[in-house]
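The values are calculated or read from the model by the stated rules, or taken from the named source; none is laboratory data. Predicted model only: the values in this text are computed from it and were never measured. Positions of Cβ are backbone-derived with ideal geometry, glycine not excepted, and every protein chain shown enters the neighbour counts.
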Amino acid sequence: MSKLGVASRSEARALIAAGKVSVGGRPVTDPSRLVIPERAAIAVDGTGAGRAPWRTIALHKARGTITTRRDPEGRTTVFEALGSIAEGMVAVGRLDMASTGLLLLTTDTQLAARLTDPASGIVRRYIVTARGRVTDEEVRAMEAGIGGRAAHSVDVLKRSNRETHLAIELTEGKNREIRRLLAATGHDVSRLLRVAFGGIELGTLAPGKWRELAREEIARAFPTVS
């Protein structure tokens, strides 16, 4: 239900406990019951909560927005920023509040699950500015792994004593992975921009802007999972 945008997870549990939710016309009392949103006829108080038509977009997430449906602290979410465009959509992975760049959103929850499954090994590419000089030894350490986290690849684009510009690739979307890797080598991140997710690239898309993705583009960009 949270993926459908009907309610937050806690609100959904309360609605189910109150007997207000049905699947296929039958009341549901178990919040852990698994359903496929695209196929299940879900209703709340008798009103259908069906999935919106298939739609997938590429958004340039702006700095200061967060990738959640609702925020108890009142911070602006990407869904609020998009308004009605994001109806029925879920985010494919996340970017933290200070990070910017490419974020995919889709009404296809199965597609979102496949794209974020670590087993899919989809490469996410980031351009990162780190404070201080990141040494070749530190680059190798991030690729080898630190504290159970590892980058798929790290390339130095520009380096000085003041800051280092890096191109970093990940194949898993662990929480704040790049920031944690660099922190482990003694560097803070001053800028983090995701420029590609698999075969979809940010390109010249301006912050806060979005573009429609057709099924054919998704199939070309993710041939092993779409």
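Name the residues in the stretch 143-163 that are surrounded by 14 or more Cβ atoms within 10 Å (Cβ to Cβ) and in a strand (DSSP E or B), would you? I'd like the intermediate steps shown before the answer.
Of the residues in the stretch 143-163, the ones surrounded by 14 or more Cβ atoms within 10 Å (Cβ to Cβ) are 143, 146, 149-154, 156, 159, 163.
Within the stretch 143-163, I146, R149, S153, V154, V156, R159, E163 qualify.
Would you call A130 under 15 Å from G173 (Cα atoms) and either not basic (K, R) or not assigned by TED's automatic domain parsing to the domain that holds T67 (or both)? If you could, list the steps in order and put the result at the bottom.
Details: under 15 Å from G173 (Cα atoms): no; either not basic (K, R) or not assigned by TED's automatic domain parsing to the domain that holds T67 (or both): yes.
Spelling it out, it is not the case that A130 is under 15 Å from G173 (Cα atoms) and either not basic (K, R) or not assigned by TED's automatic domain parsing to the domain that holds T67 (or both).
For the stretch 127-134, state whether one or more residues are in a strand (DSSP E or B), at pLDDT 95 or above and either of a type in the set (D, E) or more than 16 Å from L182 (Cβ to Cβ) (or both). Please lay out each step first, then the result.
So the first thing to find is which residues in the stretch 127-134 are in a strand (DSSP E or B), and the list is 127-131.
Among the residues that remain, those that are also at pLDDT 95 or above are: 127-131.
If we keep only those that are either of a type in the set (D, E) or more than 16 Å from L182 (Cβ to Cβ) (or both) as well, we get none.
So far as the stretch 127-134 goes, no, none of its residues is in a strand (DSSP E or B), at pLDDT 95 or above and either of a type in the set (D, E) or more than 16 Å from L182 (Cβ to Cβ) (or both).
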| said: Among the residues of the stretch 76-106, what is the count of those that are under 14 Å from A58 (Cα atoms), out of contact with any Pro (no Cβ under 7 Å at 6 or more places or on another chain) and either in the same structural domain as I168 (by TED's automatic domain parsing) or of a type in the set (S, T, Y) (or both)? | reply: 1
| field | Complete set of residues in the stretch 172-197 that are under 13 Å from the mean Cα position of the chain (by Cα), at pLDDT 95 or above and either surrounded by 21 or more Cβ atoms within 10 Å (Cβ to Cβ) or assigned to a loop (DSSP other than H, G, I, E, B) (or both) | value | R194, F197
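Can you say whether T109 is surrounded by fewer than 22 Cβ atoms within 10 Å (Cβ to Cβ), over 17 Å from E177 (Cβ atoms) and in contact with a Leu (Cβ under 9 Å, 6 or more places away or on another chain), as far as the supplied structure shows?
Yes, satisfied.
Does L166 satisfy being among the hydrophobic types (A, V, I, L, M, F, W, C), more than 30 Å from G83 (Cα to Cα) and either in contact (Cβ under 8 Å) with a residue 40 or more places away in the chain or in a strand (DSSP E or B) (or both)?
Numbers: among the hydrophobic types (A, V, I, L, M, F, W, C): yes; more than 30 Å from G83 (Cα to Cα): yes; either in contact (Cβ under 8 Å) with a residue 40 or more places away in the chain or in a strand (DSSP E or B) (or both): yes.
Against the criterion (among the hydrophobic types (A, V, I, L, M, F, W, C), more than 30 Å from G83 (Cα to Cα) and either in contact (Cβ under 8 Å) with a residue 40 or more places away in the chain or in a strand (DSSP E or B) (or both)), L166 qualifies.
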| request: Go through the stretch 202-226 residue by residue and tally those that are in a strand (DSSP E or B) and exposed (fewer than 15 other Cβ atoms within 10 Å of the Cβ). | output: 2
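Looking at the structure I just gave you, is A151 of a type outside the set (K, R) and assigned by TED's automatic domain parsing to the domain that holds T107?
So A151 does not fit the description; no.
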| message | I need a count of the residues in the stretch 140-169 that are at pLDDT 95 or above and touching an Asp or Glu at 6+ places or on another chain (Cβ under 6 Å). | response | 5
| query | When only residues in the stretch 181-211 that are out of contact with any strand residue (DSSP E or B) (no Cβ under 6 Å at 6 or more places or on another chain) and without any contact (Cβ under 8 Å) to a residue 40 or more places away in the chain count, which is nearest to A150 (Cα to Cα)? | reply | A183
